[in-house]
1. Have a look at 26, 94, 49 and point out the one that is on the phi > 0 side of the Ramachandran plot and out of contact with any strand residue (DSSP E or B) (no Cβ under 7 Å at 6 or more places or on another chain).
2. Among residues belonging to the stretch 99-121 that are assigned to a helix (DSSP H, G or I) and at pLDDT 95 or above, point out the one that is surrounded by the fewest Cβ atoms within 10 Å (Cβ to Cβ).
């Protein structure tokens, strides 16, 4: 990984959670995504009255990065300050993240307590056939 540590990335995710728009669930989430070039992109969840139109923090960060030209991300941190326990990414986020992250890319997530989960994209989204279907880049 580049100079930034998972601890520092998690701190960026915690900061991003402060900007969440979560008037319905009251469950703020922040994400920090490290691009291959060392740039950190952050995002927060943005809810909508129509819950299906809400945007998760992880995809918010990813969209930030892709819209700035990044295509390869090497680490992710997710902070959920309204939960004492760690809360991992939803299935939709796991699917979308696997498009831009290698299976061995590290992921850390945690809540307001001290417990953190350190894992990988491949562990969160096993049997990812997408890369096999896409063929060589």
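The values are calculated or read from the model by the stated rules, or taken from the named source; none is laboratory data. Values in this document were obtained by computation on a predicted structure and should not be read as measured data. Note: ideal-geometry Cβ built from the backbone for every residue, glycine included; neighbour counts use all protein chains shown.
1. Step by step, each of 26, 94, 49 is checked, and only 26 is on the phi > 0 side of the Ramachandran plot and out of contact with any strand residue (DSSP E or B) (no Cβ under 7 Å at 6 or more places or on another chain).
2. Going through the qualifying residues, I end up with 100.
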